[in-house]
Amino acid sequence: MHARDEARTQDAVPRRAPLSGPAADTARQPAAQPAHELLSLQSTAGNANVARMLGQEGRPGPAVQRAPVVQRSKLSSGNIAFTNVSLKFPESQGKATRVLELLSANTAITSFLNGRTCRITLEKRTTQTPADVVDKGADGVFVTMAAYYLENYDIGYIMGMLCHEFGIHPMAAAAPNMRDEEEAFRGVPFPVPGLEDKPHPDGFASMNTDAAKQADHVLGVIPRSPRYTVYRNVTLEMADLLLRDARNHEEGAREQDVTDLIDCFLMDVASIAATNDNRMRGMPVLRNSEGPSIRQDIAAVYNAYKARLADDLSEERQPIKPLFPPEKTPEAVKADFNTLLGRITKGAFRAWSIDNSN
């Protein structure tokens, strides 16, 4: 995919939308320094198998404890709102505020919403995906987000996770002619970037929708596929917005947010492509003998996608390139997995960002 194929943003990036809600103007506290976590494994993070593996390692296996679904608005930006985020703590309010501002400013997401409401409800969940985005047509779009994700991750990773959930799933599904255009990519083995020279029984390392846990995940990471293009473009526009905020010295905004977002995207596509969406194979847990080789593959694929993404950047997006994350090593992939497992465990015990009071 070349620069001319990108969906381009407006010449002037939209200004932040005004927020409404109690104490909406409370000062946000800067996010903590990130540690390059594997937030890009968002669809794996909530997998029940992760909970079982945590139990095998002698750590408490997280239990599903759902927060009641609440459909009132506590904090909103235009037609996008959090329904039950706690406003008692500056950190949760500050992160929720930035999430709303960034979603409201992303033209790809607002075009998808097309004036419909979008309600985000936090839930205490650790054995499911960190977020679900459900398109209910005229009734609006409903997002259920794991509270631990908002509480423990910096804004670049949070927005990267949401770009996955919006871009690979409902936004791609709603794109005109998506079903017809994707037919040529279904059931076909595609070479995995970065593993072209790796010996393989089938002749080459491949990803294929037929053997994937979720076909749309593989369709969303095949270079030049229509679903990958939707996912990539919504992520790059989010990078534009994060960079804008950092350059404008917005409260809590840093150039590191752009790095985190790109790291999230690259780890997501690399881990899906390297494992054909069976990302548990890379987990550093007991009795996973193939883990080291899988993590080596993920690192190689990450670096190949990184080079491809940098080459495809349009001229106006060149300021993003110096903020790309460093080359990924197998050791860094392992560290990312361990951080992810730790955050999932932590999320089982408390969900302080939720307020379901009247």
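The values are calculated or read from the model by the stated rules, or taken from the named source; none is laboratory data. Quick caveat: nothing in here was measured; it's all calculated off a predicted structure. A quick note on method: Cβ atoms are made from the backbone with ideal geometry, for glycine too, and the neighbour counts reach across all protein chains shown. Each accessible area value is taken on the protein alone, full model and side chains, heavy atoms only, with ligands, DNA and RNA left out. Shrake-Rupley method; radii C 1.70, N 1.55, O 1.52, S 1.80 Å.
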Check region 228-246 and report whether any residue there is open to solvent by 60 Å² or more (accessible area, probe 1.4 Å) and either out of contact with any Cys (no Cβ under 6 Å at 6 or more places or on another chain) or touching a residue at least 24 places away in the same chain (Cβ under 8 Å) (or both).
no
Out of E151, E181, which single residue is in a helix (DSSP H, G or I) and either aliphatic (A, V, I, L, M) or under 16 Å from the mean Cα position of the chain (by Cα) (or both)?
E151
Could you list, ordered by first residue, the pairs with Cβ atoms under 6 Å in which the first is in region 254-269 and within 20 Å of T329 (Cβ to Cβ) and the second is assigned to a loop (DSSP other than H, G, I, E, B) and of a type in the set (F, W, Y), at least 6 apart or interchain?
I262/F324
Counting only residues that are open to solvent by 20 Å² or more (accessible area, probe 1.4 Å) and closer than 30 Å to A348 by Cβ, how many does region 89-132 have?
10
Tally time: how many residues in region 73-108 are among the charged types (D, E, K, R) and either free of Cβ contacts under 8 Å to residues at least 24 places away in the same chain or touching a Gly at 6+ places or on another chain (Cβ under 8 Å) (or both)?
2
Every residue in region 134-143 that is part of a strand (DSSP E or B) and either touching a His at 6+ places or on another chain (Cβ under 6 Å) or open to solvent by less than 10 Å² (accessible area, probe 1.4 Å) (or both), please.
V141, V143
Within region 298-314, residues being open to solvent by less than 20 Å² (accessible area, probe 1.4 Å) and either touching a Pro at 6+ places or on another chain (Cβ under 7 Å) or under 19 Å from P199 (Cα atoms) (or both) number 5
Answer with yes or no whether E181 is without any contact (Cβ under 8 Å) to a residue 24 or more places away in the chain and either surrounded by fewer than 19 Cβ atoms within 10 Å (Cβ to Cβ) or touching a Cys at 6+ places or on another chain (Cβ under 9 Å) (or both).
no
Is it the case, given these coordinates, that A146 is among the aliphatic types (A, V, I, L, M) and open to solvent by 10 Å² or more (accessible area, probe 1.4 Å)?
no
How many residues does region 186-205 hold that are closer than 25 Å to H169 by Cα and open to solvent by 40 Å² or more (accessible area, probe 1.4 Å)?
5
Every residue in region 84-109 that is touching a strand residue (DSSP E or B) at 6+ places or on another chain (Cβ under 7 Å) and closer than 20 Å to A174 by Cβ, please.
L103, S104
If you go through region 268-288, how many residues are assigned to a loop (DSSP other than H, G, I, E, B) and touching a Phe, Trp or Tyr at 6+ places or on another chain (Cβ under 8 Å)?
2
Picking from K334, K321, the residue that is free of Cβ contacts under 8 Å to residues at least 60 places away in the same chain, more than 19 Å from M283 (Cα to Cα), in contact with a helix residue (DSSP H, G or I) (Cβ under 6 Å, 6 or more places away or on another chain) and open to solvent by 40 Å² or more (accessible area, probe 1.4 Å) would be K321
If you go through region 124-137 one residue at a time, how many are more than 13 Å from the chain's Cα centre (by Cα) and within 16 Å of I109 (Cα to Cα)?
4
